[in-house]
Each structure stands twice: as structure tokens, then as C-alpha cells.
Amino acid sequence: MVRSTTFRIVRVISVFVAVLAANSLDVYSQATVDRFIAQQAAKEAGDEYAGARKTLLADVDGGNIADLVVLFTLEGFHGGNNHRQYLAVFLRHGKSYRYAVHGGVGGKLNRSVDLASVTNGTINLDTKEYRKNDPACCPTRNGKTRYRLIRGKLREIG
């Protein structure tokens, strides 16, 4: 009985570690993403809100290998309290990822977005849209949108 239970626990831990490894970035890839976001923040005179960064590994270009999708937020532009959200795609090349494209997808007085999933190359985002009387901090209408990588550009497809 003890052996059977131990085997099950080891198996569950092994599966968990494999899933975690498949969804984590190596140090080099993480540095590539960090460097890209730092450059964008410098260009826009803002700072990354690192706690809001989300990443997913999934095929977005049809190459049958996991690419990297990153949702990141920049804020504090020129000392203000504005924020913008961006979606970036890094394509897999050999053992590393290379920046492909990025674009704005949300922000203060626009909409708030959350990276939900990637399905068949489509990047799915959950959104919070502004209603007429919503304060600037807090959009309340739930929604969804989707993006695809089309001819090297991120296109919102609804």
C-alpha cells in the first residue's frame, strides 16, 4: 500500500515538473524578453509593471513548435499614472526565441486585457471594456478578443 501511494505521488510530481518545464523559459530566453521590454520601456519613458507580465508557449506561426507569446504592461510614462498593455511574439529559432512583432492591445481608458490561451495559432485575450460611467481605473464589461500573426503582423480578428 505504501509503495503504491509513493509511486502515485512520484508520478504526480513528475507530471507537474514536466508541465512546469514545458511552460518555463530558459535563462537565455528570459533575458531576451527582459531586454526587449526594457528597451520598449526606455523608448516610451515608462517602466514595466513586472507583476502583470504573462507568457505562454504555443505555436502561433504554424511551424509546429512552441513560440513565445508575452503580454506586458508599461506604466508611469513621464511620471504619470497612465498604463498601456502590449502583446509581443517571439518565434522559436533553434534553441532560442527571437523577437518577431508587438503591438498595443489595451491600457487606461482603452480596455484591460488578460492573456487567456492560444488555440490553433489564435491568441485569445479576455478583456474588460469601459462602460459609459466606469471610472478610469476600472472597466467593468467582460469581453473577449483574438489576435493572429498574419504576414508578420499582429492582427486583431475579433
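The values are calculated or read from the model by the stated rules, or taken from the named source; none is laboratory data. Nothing here was measured: the structure is a model prediction, and the numbers come from that model. No Cβ is skipped: glycine too gets one built from the backbone with ideal geometry, and neighbour counts run over all protein chains shown.
Overview of values
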| quantity | calculated |
| --- | --- |
| Condition broken by G106, with the remaining ones in (1) crowded, with 19+ Cβ neighbours inside 10 Å; (2) small (G, A, S); (3) over 17 Å from L25 (Cα atoms); (4) in contact (Cβ under 8 Å) with a residue 40 or more places away in the chain satisfied | (4) |
| Selection status of V69, surrounded by 19 or more Cβ atoms within 10 Å (Cβ to Cβ) and assigned to a loop (DSSP other than H, G, I, E, B) | no |
| Which listed residue is within 30 Å of D26 (Cβ to Cβ), of a type outside the set (S, T, Y) and surrounded by 15 or more Cβ atoms within 10 Å (Cβ to Cβ), from A116, A50 | A116 |
| Some residue of segment 64-76 being in contact (Cβ under 8 Å) with a residue 60 or more places away in the chain, of a type outside the set (D, E) and in contact with a Gly (Cβ under 6 Å, 6 or more places away or on another chain) | no |
| Search result, residues across segment 16-56 that are under 16 Å from V69 (Cβ atoms) and either modelled with pLDDT under 85 or in contact with a helix residue (DSSP H, G or I) (Cβ under 7 Å, 6 or more places away or on another chain) (or both) | A22, N23, S24, L25 |
| Within segment 128-158, considering residues that are farther than 28 Å from R98 by Cβ and of a type in the set (S, T, Y), the one surrounded by the most Cβ atoms within 10 Å (Cβ to Cβ) | Y130 |
| Every residue from segment 108-120 that is over 16 Å from R141 (Cβ atoms) and touching a strand residue (DSSP E or B) at 6+ places or on another chain (Cβ under 9 Å) | L115, A116, S117, V118, T119 |
| Flag if D34 is surrounded by 12 or more Cβ atoms within 10 Å (Cβ to Cβ), more than 12 Å from the chain's Cα centre (by Cα) and either assigned to a loop (DSSP other than H, G, I, E, B) or touching a residue at least 24 places away in the same chain (Cβ under 8 Å) (or both) | no |
| Selection count where residues are free of Cβ contacts under 8 Å to residues at least 12 places away in the same chain and either in a strand (DSSP E or B) or under 15 Å from the mean Cα position of the chain (by Cα) (or both), scope segment 79-102 | 1 |
| Test for V105: is it over 16 Å from Y49 (Cβ atoms), under 16 Å from the mean Cα position of the chain (by Cα) and among the aliphatic types (A, V, I, L, M) | no |
| Filtered residues of segment 103-128 (kept if over 30 Å from G62 (Cβ atoms) and either of a type in the set (A, V, I, L, M, F, W, C) or modelled with pLDDT of 95 or more (or both)) | L109, K128 |
